[in-house]
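Okay, so here's the structure we're looking at.
The values are calculated or read from the model by the stated rules, or taken from the named source; none is laboratory data. Source: prediction; values computed, not measured. Cβ coordinates were reconstructed from backbone atoms using ideal geometry, including for glycine residues, and neighbour counts include every protein chain displayed. Please note that ligands, DNA and RNA were not included when accessible areas were found on the heavy atoms of the full protein model with its side chains. Shrake-Rupley method; radii C 1.70, N 1.55, O 1.52, S 1.80 Å.
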Amino acid sequence: MPSPERAALAGRTVSRVGYGAMQLERLHHDRAAAVALLRHAIDLGVDHVDTAQFYGDGFVNDVIREALASGDDALIVTKVGAVSEPGGPLPLRLAQRPDELRASVEDNLRALGLDRIPLVNLRRADRRPGLVAEGDQRVDLDDQLAVMTALRDEGKIGAIGLSAVTLDVLRRALPAGIACVQNAYSLVSRDDEDMLELCAAENIAWVPFFPLGGAFPGLPKVTDEPAVQAAATALGRTPAQIGLAWLLHRAPNVHLIPGTASAAHLEANLAVADISLDGETLAALAAIPVRPMTADLR
């Protein structure tokens with residue numbers, strides 16, 4: 001039996017607290033520092049690194065390729081469904097068509113220096129927060145899953161995940177074999193309880209993004225909640241650590257991928273695996289009002 005600090009993801013058993021590499025782009029002016037931070041994460045036991053080719057217009061994947069030695073056994077997870085657009089209103093645009101998904105997988109393979117990516121998440125564009133598909137970017141799920149399963153059959157990807165999806169989309173996708181779901185979810189934004197329960201029943205990993213809520217204006221912040229702050233004070237932890245620890249307590253299939261460009265924050269994030277929340281604390285946190293996460297990020 002794996003320990004409570006480890007859980008299944010894409011056929012592997014990995015630490016439940018991984019590293020979301022998006023924040024490495026904040027170190028684009030100091031590539032050596034970015035490489036050193038990722039190496040520090042690996043040395044501390046991180047064996048699940050989440051990335052995308054559109055993070056930093058390829059900078060983040062380049063750092064991962066440089067930082068990871070041949071003997072490292074980290075599970076590299078990337079996502080497709082968008083591509084970089086540095087001069088646009090946002091630094092990315094949707095790329096949902098099957099040919100674009102295939103091209104994005106190939107781009108990730110080249111940038112990461114891999115023959116096979118263990119897990120690739122299909123980032124749909126059905127719901128906010130985030131970009132919502134319009135025009136030719138409104139692509140049927142079956143067409144997208146067809147190219148993803150073809151890439152899996154070809155050995156270019158190991159497993160398929162979904163991101164930013166509805167419960168209906170997940171149910172439709174189950175026959176294709178889904179390894180994980182990445183959706184916005186936190187203590188203060190629990191829109192997807194039914195989806196989390198379905199994932200637990202189907203042995204699908206649940207990997208929340210925006211795990212502390214307010215990454216953008218208008219989104220509620222976990223760390224602003226008095227109950228979170230009270231628990232942090234009582235346990236000698238930070239409010240952010242309490243919010244992340246609650247997610248690990250929520251269900252055994254939850255994996256975290258908090259990102260940071262700071263070594264101190266990295267160490268604090270990894271320490272949440274050791275935080276135990278008692279029944280009274282969990283009840284106080286569960287009583288926090290839930291608000292929908294519906295921000296328009298365009």
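Label region 139-298 by shape, choosing from rounded, prolate and oblate, from the square roots a ≥ b ≥ c of the eigenvalues of the Cα gyration tensor; if a/c is under 1.5 it is rounded, and otherwise prolate applies when a/b is larger than b/c, oblate when it is not. It is prolate, given that a/c is not under 1.5 and a/b is the larger ratio.
Simple spin-label estimate for residue 149 and residue 168 gives 2.1 nm between the two label positions (7 Å along the Cα-to-Cβ direction from each Cα).
Quick one: length gained pulling residue 264 to residue 140 fully straight, 0.36 nm per residue minus the C-alpha distance? Numbers along the way, then the final one.
Working: separation 124, 0.36 × 124 = 44.64 nm, distance 4.31 nm.
Once the chain is fully extended between residue 264 and residue 140, it gains 40.3 nm.
Its Cα centre serving as origin, region 11-165 has a Cβ charge dipole (Lys and Arg +1, Asp and Glu -1) of approximately 340 debye. Pull out a ≥ b ≥ c, the square roots of the eigenvalues of the alpha-carbon gyration tensor of region 51-120, then state rounded if a/c is under 1.5, prolate if not and a/b is larger than b/c, and oblate in the remaining case. Cα axes put region 51-120 in the oblate bin.
Rounded to the nearest 20, the size of the Cβ-charge dipole of region 43-103 about its Cα centre is 380 debye, with Lys and Arg at +1 and Asp and Glu at -1.
Solvent exposure of the chain amounts to 43 Å² per residue of accessible area, where only protein heavy atoms count and the probe is 1.4 Å.
Taking loop as defined by DSSP and a crowding limit of 15 other beta carbons within 10 Å, which GluC sites (Glu not before Pro) in region 165-245 fit? Hits after loop and neighbour filter: 202.
Surface composition of the chain: carbon plus sulfur atoms hold 51% of the accessible area, using a 1.4 angstrom probe and ignoring ligands, DNA and RNA.
A dipole drawn for the chain from +1 and -1 charges on Cβ atoms has a positive end, and of 77, 230, 118 the residue lying farthest that way is 230. How many angstrom lie between the Cα centre of region 38-61 and the Cα centre of region 226-253? Between the Cα centre of region 38-61 and that of region 226-253, the gap is 25 Å.
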